[in-house]
Amino acid sequence: METTDFSQPIRQSSKGIIVIFAFKVFQFFKKFFVLFIAFGLSLMRRKSFANITPTMMLLGLVGVIIIILVIAILKYLNFKFHLSKDDFHLSTGIINKDTTIIPKSKIQNVYIKQNFLQQIINVVSLKIETAGDKKSEIEISALDKPTALLLKKKLFNKAITKNETTETVEELDKRDVFFKITPKRLLLEGLSQNHFKSFLLIMTFVFGLYNEFKDYVRELGLRKHIDDFVKLDEDTALNLLITNALIILTVILFSLLYSVVKTFIINFNLEVVEHQKTVEINKGLFNKVSLSLTPSRIQNLVVKTNRVKQYFGLHSLSVKQAMVNAKQQKNFNIVALEKEQLNYLLNKLLVNYNENEGDVSKPRPYFMRISTLEMLLFGTIINALSLFLFGIGMLWINAVYIPFAALYVYFAYKKAYYRISDNFITIGSGVIDTTTNILETHKIQGIKVKQTIFQKRRDIASVVISTASKSVTIPYVSKSEALSICNFLLYKVESQDRDWM
Amino acid sequence: MNFTNLQLQTESLPKIEDVALKPISKSYFKIIRLNKLAIYAGLIGFVFLFKYFIQEKEEVEINIWYLLSVILVFCVLNFIVSILAFKKRKYAIRAHDVIYAKGLIIHSMITVPISRIQHVEESRSWLARHLELSTLKIFTAGEAGSDLSIKGLPHLEAKQIKEIISDKVNGNN
């Protein structure tokens, strides 16, 4: 392997032109997508639009693409980076020259990503994240893999040796694959997901599509077909019922398929690699990502599972870190972990975490009252909507809704608990999913005791605990309990001189 | 150690409920009043504008007065709530944290440990400058929910608090 010399300004791999070009073209089409459709439709109808013939359109398009290609080449030529002793230098820009210098010690994270195109031409992109805002992110879009890994190592080494002894350097090389997902578990994970979300998504998608293309469909005379079809079935109520059931079944099947495919694409080849200090996650089918977790920056841990998943031993763990943008945050998610693996990982990420430490306390039964009210409100809306849309016959929906609502309230209360130990706060919640939020007491940024005017009479309050990445709520405890939690946590934060990051 | 054990301990912990919270400056109420009046005037103005634009239709005439009375009732209620809520705006600085309480319908008391504060800002609007008031903004690294903005502090006091906090924040580092 030839080692690349980073001390001189170098360009990225020449394949970068392709990546930049493809990205720009994609962006261009995304921006003018609606315009294209409008043009295309009017052209189809009238063969010309404002004296522009299809050939001219095509020529224009080719021209635009050539311009984009030239821009991509210029961009590539002007994109140079190098490493000095302590800093990373980057100069970009065709007309406006930009020079960015990042001190190595300020680098928060280095990601290696590979999207579909990059996989084909065998390059990776390297993303450098600093503690600043989104704009200060740097992405080198085409490097061959050894170079990227080397650069990542060089960027990190300096940052680490700054704080700790040099021995960490060699340990970075030690790779210990801790967890590797099998397709079978991935399939189970996809199947056992909460399908309500994908169900709703598909429903809205179909509805939206139908509304968009209503006119078009009508034009094609499809409408008539459907009407005929429906009329045919209206002969017997049974047939109608079967059709409805079939439709619902198809949608459920689709949402199932959607969940499975989505899980596969995102978590394909999920791999958790253990280093001495950090944990690395590799995953993705079309978009390969490689991320590293640093325990000191972790603010919240969320463990999610549900009944079915529990049966198969599937737990997912998402890690919320400080200073990570929302889009990246989603990637810090490890699915399909066994219980032991989960506990091991938790112990790795949180020092001395003990699942059974501290007493479990529950919110006051007031919790159920609020959930019931919520469900009542939701029920009223559903009833009003179905009455409005489908008429009085639709009231049977209550037969389904009321038991569902009752179960919702029951499970929501059953799963709600909180546990405060010396160093950790654990909050459980969820209805279909079982969600467990874990955070360390010294990472708290602020505490809020909240009480509405109605809760005042009942002497009930909620506590909202904020960390640098998320706020969690301990709902509806008694006021005195809320205050004592608040006092205790404040004491914990203020008496120890521990940094939150 | 578990939580029941800690509850005994909590007796001896410094209690947040014992802190004497200080109300914010009375003259800040003038600013609230002016702001509210501007909003009400805008709302009522909108009603008349609305009326002006669809004057042609006859049955609308009655509806306008309904609408106006609804809005007036809303304004009066809103004003009463804001008077009562004003008394709930209180703050306190302890050796290790800043406390700010507010809200009538949803009362909340936010506490931010000084060691977690990233920076402090003191800002004054045009009106506040005339009334010798200022707003103290306290930023943490946390979610938006844990940032404080204490409005209507006497200017001098705000300055003092700002000094105290920045001294402590810088001293800790």
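It is to be established whether one or more residues within the stretch A:178-190 are modelled with pLDDT under 80 and either in the same structural domain as A:Asn78 (by TED's automatic domain parsing) or not aromatic (Phe, Trp, Tyr) (or both).
No - not one qualifying residue is present in the stretch A:178-190.
Got a sec? Which of B:Ile106, B:Ile150, B:Ile93, B:Ile117 is within 24 Å of A:Val472 (Cβ to Cβ), within 14 Å of another protein chain (Cβ to nearest Cβ) and modelled with pLDDT of 90 or more?
B:Ile106
Mind checking whether some residue in the stretch A:334-351 is of a type in the set (D, E, K, R), at pLDDT below 85 and surrounded by 16 or more Cβ atoms within 10 Å (Cβ to Cβ)?
For the stretch A:334-351, residues of a type in the set (D, E, K, R), at pLDDT below 85 and surrounded by 16 or more Cβ atoms within 10 Å (Cβ to Cβ): present.
Between B:Trp126, B:Trp65, which is out of contact with any strand residue (DSSP E or B) (no Cβ under 7 Å at 6 or more places or on another chain), assigned by TED's automatic domain parsing to the domain that holds B:Lys168 and among the hydrophobic types (A, V, I, L, M, F, W, C)?
Checking each option against the conditions leaves just B:Trp126.
So, of the residues in the stretch A:475-490 that are hydroxyl-bearing (Ser, Thr, Tyr) and in contact with a helix residue (DSSP H, G or I) (Cβ under 8 Å, 6 or more places away or on another chain), which turns out to be nearest to the other protein chains (Cβ to nearest Cβ)?
Ranking the qualifying residues of the stretch A:475-490, first place goes to A:Ser484.
With the structure loaded, tell me whether A:Asp499 is within 32 Å of the chain's Cα centre (by Cα) and either modelled with pLDDT of 90 or more or not assigned by TED's automatic domain parsing to the domain that holds A:Thr294 (or both) or whether it fails that test.
yes
Would you tally the residues in the stretch A:51-102 being closer than 16 Å to A:Ile20 by Cβ and of a type in the set (S, T, N, Q)?
The number of residues fulfilling the criteria is 3.
Restricting the first residue to the stretch A:355-366 and requiring it to be surrounded by 14 or more Cβ atoms within 10 Å (Cβ to Cβ), which pairs with a second residue that is at pLDDT 80 or above and among the aliphatic types (A, V, I, L, M) meet a Cβ separation below 7 Å and a spacing of at least six or different chains?
Once the first residue is surrounded by 14 or more Cβ atoms within 10 Å (Cβ to Cβ) and sits in the stretch A:355-366, its partners that are at pLDDT 80 or above and among the aliphatic types (A, V, I, L, M) give A:Gly358/A:Ile420; A:Lys362/A:Ala416; A:Pro363/A:Ala416; A:Pro363/A:Val477; A:Arg364/A:Ile460; A:Arg364/A:Val477; A:Tyr366/A:Ile460.
Considering only the stretch A:141-161, I want to know if a residue exists there that is over 30 Å from A:Ser14 (Cβ atoms), modelled with pLDDT under 75 and either over 24 Å from the mean Cα position of the chain (by Cα) or not assigned by TED's automatic domain parsing to the domain that holds A:Thr305 (or both).
Yes, the stretch A:141-161 has at least one match.
Quick test of your reading of the structure: B:Lys57 fulfils all but one of (1) at pLDDT 90 or above; (2) not in a helix (DSSP H, G or I). Name the failing condition by number.
Failing condition for B:Lys57: (1).
What number of residues in the stretch B:120-142 are within 8 Å of another protein chain (Cβ to nearest Cβ) and farther than 29 Å from A:Phe454 by Cα?
Number satisfying all stated conditions: 2.
Find all pairs meeting these conditions: Cβ atoms under 7 angstrom apart; at least six residues apart or on different chains; first residue within the stretch A:58-79 and of a type outside the set (D, E, K, R); second residue surrounded by 12 or more Cβ atoms within 10 Å (Cβ to Cβ) and not in a helix (DSSP H, G or I).
These pairs meet every condition: A:Leu74/A:Ile94; A:Tyr76/A:Arg11; A:Asn78/A:Thr92; A:Asn78/A:Gly93; A:Asn78/A:Ile94; A:Phe79/A:Arg11; A:Phe79/A:Gln12; A:Phe79/A:Thr92.
Of everything in the stretch A:433-462, what is among the β-branched types (Val, Ile, Thr), within 26 Å of A:Ser316 (Cβ to Cβ) and touching a helix residue (DSSP H, G or I) at 6+ places or on another chain (Cβ under 7 Å)? Give them in sequence order.
Result: A:Thr434, A:Thr441, A:Ile444.
Please work out which one of (1) modelled with pLDDT of 85 or more; (2) farther than 27 Å from A:Arg419 by Cα is the condition A:Phe388 fails and give its number.
Result: A:Phe388 fails condition (1) only.
Need at least 1 residues that are within 14 Å of another protein chain (Cβ to nearest Cβ) per element, so show me which helices (runs of 4 or more DSSP H) inside the stretch A:364-474 make the cut, counting only ones lying wholly within it.
Passing ranges, in order: A:366-390, A:453-458.
Could you grab me the full set of residues in the stretch A:413-423 that are surrounded by fewer than 22 Cβ atoms within 10 Å (Cβ to Cβ), in contact (Cβ under 8 Å) with a residue 24 or more places away in the chain and of a type outside the set (Ser, Thr, Tyr)?
If the condition is that a residue be surrounded by fewer than 22 Cβ atoms within 10 Å (Cβ to Cβ), in contact (Cβ under 8 Å) with a residue 24 or more places away in the chain and of a type outside the set (Ser, Thr, Tyr), then A:Ala416, A:Arg419, A:Asp422, A:Asn423 are the ones that fit.
For the stretch A:445-482, how many residues meet the condition of being farther than 27 Å from A:Lys320 by Cβ and under 27 Å from the mean Cα position of the chain (by Cα)?
Count: 0.
Every residue in the stretch A:91-105 that is surrounded by 14 or more Cβ atoms within 10 Å (Cβ to Cβ) and out of contact with any Asp or Glu (no Cβ under 8 Å at 6 or more places or on another chain), please.
The one that is surrounded by 14 or more Cβ atoms within 10 Å (Cβ to Cβ) and out of contact with any Asp or Glu (no Cβ under 8 Å at 6 or more places or on another chain): A:Thr100.
The values are calculated or read from the model by the stated rules, or taken from the named source; none is laboratory data. On a predicted model such as this, the values are computed, not experimentally measured, just so you know. All Cβ positions, even for glycine, are placed from backbone atoms using ideal geometry, and neighbour counts span all protein chains on display.
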